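Undergrad: Please see the structure below; I have some questions.
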Amino acid sequence: MNHWYKKAAILPLLTLSGCSLFFSEQEQVDEKYSLSKPIEVPENLKPPKRPGNYSIPGNTEQGVAAAEDPDLRPPTLILAVPGNARVEEGERAASVIFERFGRIKDIENDVIGQLMRFSSQDALKLHKTGTYTWQSNWRIETVEEGFWFFSDDVEVRRNKYQYTLSSSRSNAITELSVKLLDTQSQIEDPNKQATPLQLEVEELNRFLTFYNLHYKTQTKLKHKERLGEVTLLLNAKSTPMRLESDYAEEVVWSEMALILKRMGFEVDDLDRSQGRYYLTYYKPEPGFWDWLTGGDDVPPIPIKDGVYHVIIGHEGEKTTIHFEDEAGTPQDAAVMQAFYEGIKIVAEEENLEI
């Protein structure tokens, strides 16, 4: 028996019921994000205060959201602080404290020397006005206007600064502060007019950026001196057997993992009680980026892919580093020389103590 008439009767019912069960996409959005009416305040009462920080501006006649002119003044935050410098907590002046580091024993003369180089690089002449006080000529700030060949630098502001140093008796620490002496601005927009503190911090950040390069250079030089403390020892057959370091065993142990990874080893396991790294070596294959940039600067070690051990121990006051294959056989002169060179390269680039 055919039941087509039953299906024909049910279909109109589903169609009719669907009109009330399902909404269009726009109707669902309108239902979910329905807006409440604004508060109606009687005429004899004051309306409540509403902070405008998060207010959504209305539309202009052209249909574009109206927005206030942005505040384009520089921040009052000291940013480029080198590793040997610090800013006192809660300090509201443009000043930073330097500490001596590495080969630099007299931090006062070091900061003075870098301040002179900084001023000469920026063609900013400094005139000594006191024992530890210098005054600059005009620092001219410009903006580029125009396009491509028709662009030109237009002066927007010029400032004069005073630099002051205050050091401890031992010259172990010294404080540098910057003070704005005079300013002339071509900017008429009040939202772009910087406060004296903002200009002072901006100038201090310029010097700290310059000094930071000097700090990194001196740190690398000091680290190269330390690398001379890592030596290769030879046996009677002139075969390198181990490396020695003047650093403590714990220090060398902790730094070795990163060095081995950079040299192409995978750390499979380690045993601190024996000072042993269990490694698998995979000779690095040059990839696209290596081809593009000239390859990694850590040369491969002339060994086969396989399992190796690095054992870190001590003999007297020296920390020893042995490199062996899976059977415990020490490596020959060529391998140990390459191993030694790889350690030096990675330690210098990563500024590691070994």
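Undergrad: With contacts defined as alpha carbon pairs under 8 Å and 6 or more residues apart, what's the relative contact order of region 85-225 in percent?
TA: With pairs under 8 Å counted, the relative contact order is 25 percent.
Undergrad: Quick check for me: using +1 on Lys/Arg Cβ and -1 on Asp/Glu Cβ, what's the dipole size of region 85-225 about its Cα centre, in debye to the nearest 20?
TA: 880
Undergrad: Roughly what would the spin-label model give for Gln193 and Asp106, points 7 Å off Cα along C-beta, in nm?
TA: 4.6
Undergrad: May I ask for the net charge around Gly146, where only other residues with Cβ less than 13 Å from the Cβ of Gly146 are counted and Lys, Arg are +1 while Asp, Glu are -1? Present the calculation step by step, with values, prior to reporting the outcome.
TA: Values: positive: none; negative: Glu144, Glu145, Asp152, Asp153.
Value of the local net charge: -4.
Undergrad: Moving to a separate point now. Tell me whether region 98-225 comes out rounded, prolate or oblate; compute the Cα gyration tensor, take square roots of the eigenvalues as a ≥ b ≥ c, and use a/c under 1.5 as the rounded threshold.
TA: Verdict is prolate for region 98-225.
Undergrad: Can I ask one more? Give me the one-decimal nm value for the distance between modelled label points at Asp332 and Glu43, 7 Å along each residue's Cα-to-Cβ direction.
TA: 10.6
Undergrad: May I ask for the net charge around Ile173, where only other residues with Cβ less than 13 Å from the Cβ of Ile173 are counted and Lys, Arg are +1 while Asp, Glu are -1?
TA: -2
Readers should treat all values here as calculations from the given coordinates under stated rules, not as data from a laboratory. Just so we're clear, the structure is a prediction, and the values are computed from it rather than from any experiment. We place every Cβ from the backbone using ideal geometry, glycine too, and count neighbours over all the protein chains shown.
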